[in-house]
Amino acid sequence: MESKDLKYWQDRRATLHFEGRAFIDGEYRASENGKRFDCVSPIDGKVLTEIAECGASDIDVAVAAARRAFEQRVWCGLNPRQRKAILLRWAASIGEHLDELALLETLDAGKPVADTTTVDVPGAAYCVQWFAEAIDKSGGEVAPADHHLVGLVTREPIGVVAAVVPWNFPLLMASWKFAPALAAGNSVVLKPSEKSPLTAIRIAQLAHEAGIPAGVFNVVPGTGEAGKQLALHRDVDCLAFTGSTQVGKLIMQYAGQSNLKRVWLELGGKSPNIVMPDCPDLDRAAQAAASAIFYNMGEMCTAGSRLLVHRDIKATFLDKLLAAARRYQPGNPMDPNTSMGAIVDHAQMERVLDYIRAGREEANLIAGGSRVHCDSGGFYIEPTIFDNDKPDARIVREEIFGPVLSVLTFDTVDEAVRIANESEYGLAAAVWTSDLATAHDVSRRLRAGTVWVNCYDEGGDMNFPFGGYKQSGNGRDKSLHALEKYTELKSTLIRLQ
Ligand code: NAD
């Protein structure tokens with residue numbers, strides 16, 4: 001079997017085709033006014049290709065195509081088994097294009113190829129497959145009603161769904177939106193992040209080849225302005241957004257200013273990871289704590305960016321943590337041995353470095369703190385750890401979205417829970433303890449959409465709803481609950497006499 005080493009990926013890169021046009025109504029198109037922007041690889045700072053910059057008129061055309069497909073019922077009118085078969089073909093095709101899609105994602109977003117081949121692309125294929133399989137399994141209800149009535153409660157597709165997504169897991173985050181939305185029978189207009197549009201554009205062609213009818217799945221690359229046009233559009237029925245809390249707030253306003261479209265928000269996080277003195281395995285906890293913040297360069301909404309350690313075990317735990325962090329030295333993302341790649345672009349790297357500068361003033365830097373591999377032209381930052389005794393410091397409160405960890409100390413369970421919940425976010429949290437009562441008590445009191453006990457970031461399958469409390473958003477991706485976001489609930493009452 002061919003060994004997929006660095007040379008393999010470099011050779012593959014030489015033969016890659018980069019499609020940068022929008023995909024609207026079943027075909028690739030340049031933007032109407034011909035505007036384009038550069039797609040830069042964070043690996044070396046070089047331009048990969050140019051991308052169509054969709055504006056208001058492109059959004060109008062894409063939404064009109066999606067509306068027409070919906071009204072003509074070319075997708076929602078299919079027998080559920082037919083829709084399932086088409087989505088399963090698409091999922092299989094994404095899997096068959098694993099290397100190509102993984103390499104596009106790696107080049108575009110700087111993610112290690114070791115991750116894009118095992119997490120991003122297989123995860124997206126699995127998501128499409130999972131929701132395809134749900135299509136002919138989920139039905140409605142017959143509700144209790146007066147004797148002379150039959151009462152049906154059904155879920156119906158909502159219409160045109162726009163999905164606006166970020167760059168940290170470009171294909172995977174997009175699939176968490178479009179897979180349930182399409183499974184429910186909607187038409188979709190997807191706007192990928194301007195920092196990582198390549199895989200979304202590519203899979204549109206695969207969707208078409210798998211049999212998804214023209215107009216049902218459209219991809220409109222562009223800046224935040226394209227997202228804004230979708231959020232303001234009066235013929236978009238639902239907008240599913242993943243991104244920053246700041247933009248999430250704007251999206252709600254746009255919905256209010258236009259047609260009160262349904263808005264679902266998956267936003268930022270500043271997740272606490274609590275290590276109690278009776279932690280069952282400090283080595284495993286230290287490795288998980290490092291992975292929680294350094295995996296994917298810390299560009300994780302669930303990043304365990306606040307590590308709360310009990311004072312009695314702090315010194316021992318920090319030694320183990322520093323050793324675990326050394327495994328995440330930044331390297332060429334195309335090398336399969338690399339576990340930490342490049343920061344997505346120059347602007348994000350500068351943002352993270354700014355936080356590190358602020359951190360040096362407020363806290364004690366105990367690891368990393370610098371940009372590295374500058375000669376490559378790419379954007380690399382060392383895994384960085386601050387020991388911090390100020391829970392209100394900026395680096396402790398604000399989402400950095402980079403490889404920067406704050407370690408805080410606590411003395412009692414109540415103090416740990418208080419510090420953990422002292423955040424405007426509530427996406428995820430973790431607690432490490434050997435005591436069943438503490439595990440239950442603390443996980444109940446943590447205000448977060450996901451709580452891990454004696455692990456972090458587990459549960460990569462589709463069965464668990466994912467989303468946040470507080471300003472981490474509303475609604476849930478993944479699981480059958482995700483279908484609720486993309487359907488209207490209808491009561492039909494039939495009089496028998
Ligand atoms: P972002 O909010 O800057 O951008 C997200 C998307 O919104 C992009 O496609 C962007 O072009 C678009 N956008 C920007 N301005 C807009 C506007 N005014 N109107 C409409 N659309 C607009 O976020 P980002 O930097 O791409 O991603 C990082 C953020 O995403 C972090 O806060 C992270 O926590 C969050 N995130 C959350 C989850 C989750 O599931 N909760 C998952 C991944 C990332």
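Each reported figure results from applying straightforward, stated rules to the coordinates on display, with no laboratory input. As the structure is a prediction and not an experimental result, all values here were calculated from the model. Virtual Cβ from ideal backbone geometry, glycine too; neighbours counted across all protein chains shown.
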>> Restricting to bridges with both residues inside region 6-267, how much of the DSSP beta-bridge set is antiparallel, in percent to the nearest 5?
In response: 40 percent
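Could you sort the peptides 237-243, 357-363, 145-151, 274-280 by per-residue average Cβ neighbour count (10 Å cutoff), highest mean leading? Intermediate results must be reported in sequence, preceding the final value.
Values: 237-243: 25.6, 357-363: 15.4, 145-151: 11.1, 274-280: 19.6.
Descending packing order for the listed peptides: 237-243, 274-280, 357-363, 145-151.
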> Residue-wise, which Karplus ³J(HN,Hα) couplings in Hz belong to region 363-373, taking 6.51 cos²θ - 1.76 cosθ + 1.60, θ = phi - 60°, and x for glycine or proline?
Replying inline: 8, 9, 6, 10, 7, x, x, 10, 6, 10, 6
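Under a Cβ-only charge scheme (Lys and Arg +1, Asp and Glu -1), can you give me the dipole magnitude of the chain about the Cα centre, in debye to the nearest 20? The partial results should precede the final answer.
Numbers: 53 positive and 64 negative charges, 221 e Å.
About 1060 debye.
Which of rounded, prolate or oblate describes the chain when judged by the alpha-carbon gyration tensor and an a/c cut-off of 1.5?
On the way: a/c = 1.89, a/b = 1.29, b/c = 1.46.
Cα axes put the chain in the oblate bin.
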> When the Karplus curve 6.51 cos²θ - 1.76 cosθ + 1.60 is applied with θ = phi - 60°, which whole-Hz ³J(HN,Hα) does each residue of region 486-494 get, with x for Gly and Pro?
Replying inline: 10, 9, 9, 8, 10, 9, 10, 10, 10
>> As a test of understanding, state the convex hull volume per residue of region 6-267 from its alpha carbons, in Å³.
In response: 132 Å³
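Could you tell me what fraction of 2.2 N^0.38 Å the Cα radius of gyration of region 6-157 comes to, as a two-decimal ratio? Can you show the working numbers first?
Numbers: Rg = 21.0 Å, N = 152, 2.2 N^0.38 = 14.8 Å.
After normalising by residue count via 2.2 N^0.38 Å, the value is 1.41.
I need the peptides 338-350, 163-175, 79-91, 5-17 ranked by packing, meaning the mean over residues of other C-beta atoms within 10 angstrom, with the highest value on top. Mind showing how you got there, number by number?
Values: 338-350: 21.4, 163-175: 26.1, 79-91: 18.3, 5-17: 12.5.
Ranked from most to least packed, the peptides come out as 163-175, 338-350, 79-91, 5-17.
What percentage of all Cα-Cα pairs in region 112-230 are separated by more than 18 Å? The partial results should precede the final answer.
Details: 4009 of 7021 pairs.
Value for region 112-230 (Cα pairs over 18 Å): 57 percent.
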> What are the residues whose amide H is under 5 Å from the amide H of Tyr469, where those residues sit 5 or more places off or on another chain and H is modelled from the backbone?
Replying inline: Gly426, Leu427, Gly449
> Where the centroid of each part is defined by its Cα atoms, how far is region 358-375 from region 246-305 in Å?
Replying inline: 22 Å
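Taking the alpha carbon gyration tensor of region 302-389, what are the square roots of 5 times its eigenvalues, largest first, to the nearest whole Å?
Numbers: eigenvalues 124, 56, 21 Å².
Semi-axes, largest first: 25, 17, 10 Å.
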> List the lysines whose alpha-carbon lies under 19 Å from that of Lys137, not counting same-chain residues fewer than 8 positions away?
Replying inline: Lys84, Lys478, Lys485, Lys490
> Using a basic spin-label model with each label point 7 Å from the Cα along Cα→Cβ, how many nm lie between Ala56 and Asp278?
Replying inline: 6.3 nm
> What fraction of the DSSP beta bridges in the chain is antiparallel, stated in percent and rounded to the nearest 5?
Replying inline: 45 percent
>> Starting from the 7 Å offset along Cα-to-Cβ, what nm value, one decimal, do you get for the label separation of Leu365 and Lys35?
In response: 3.9 nm
> Which far-off residues, 5 or more places away or on another chain, put their amide H under 5 Å from the one on Leu405, with H placed in the peptide plane?
Replying inline: Thr384, Ile385, Phe386
> Relative to the Cα centre, what is the charge dipole magnitude of region 6-267, using +1 at the beta carbon of each Lys and Arg, -1 at the beta carbon of each Asp and Glu, and rounding to the nearest 20 debye?
Replying inline: 220 debye
> Considering amide H positions built from the backbone, and no H for Pro or chain starts, which residues 5 or more places from Asn273, or on another chain, come under 5 Å of its amide H?
Replying inline: Arg306, Leu307, Leu308, Ala430
> To the nearest 500 deg cm²/dmol, what mean residue ellipticity at 222 nm is calculated for the chain from DSSP H runs of n ≥ 4 alone, each contributing -39,500 (n - 2.57), summed and divided by the residues?
Replying inline: -11500 deg cm²/dmol
> Dipole of region 272-459, Cα-centred, from +1 at each Lys and Arg C-beta and -1 at each Asp and Glu C-beta, to the nearest 20 debye?
Replying inline: 60 debye
> Lys/Arg Cβ at +1, Asp/Glu Cβ at -1, dipole of the chain taken about the Cα centre: which of Leu101, Cys301, Leu87 is farthest positive-ward?
Replying inline: Leu87
>> Between Glu488 and Asn259, what is the label-point separation in nm under the 7 Å Cα-to-beta-carbon projection?
In response: 1.1 nm
>> I'd like to compare 302-308, 122-128: which one has the highest average count of other Cβ atoms within 10 Å, and what's the full order after that?
In response: 302-308, 122-128
>> If you split all Cα-Cα distances of region 272-459 into 5 Å bins from zero, what percentages do you get per bin, shortest first?
In response: 1, 9, 18, 22, 21, 15, 8, 4, 2, 0, 0
> In degrees from 0 to 90, rounded to the nearest 10, what is the angle of the helix 245-257 Cα long axis to the longest principal axis of the chain?
Replying inline: 30 degrees
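Net charge near Leu206: determine it from the other residues with C-beta under 12 Å of the C-beta of Leu206, scoring Lys and Arg +1 and Asp and Glu -1.
Values: positive: Arg89, Arg202; negative: Glu19, Glu96, Glu100, Glu209.
That works out to -2.
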>> To check you understand DSSP bridge types, tell me what percent of the beta bridges within region 272-459 (both residues inside) are antiparallel, rounded to 5.
In response: 20 percent
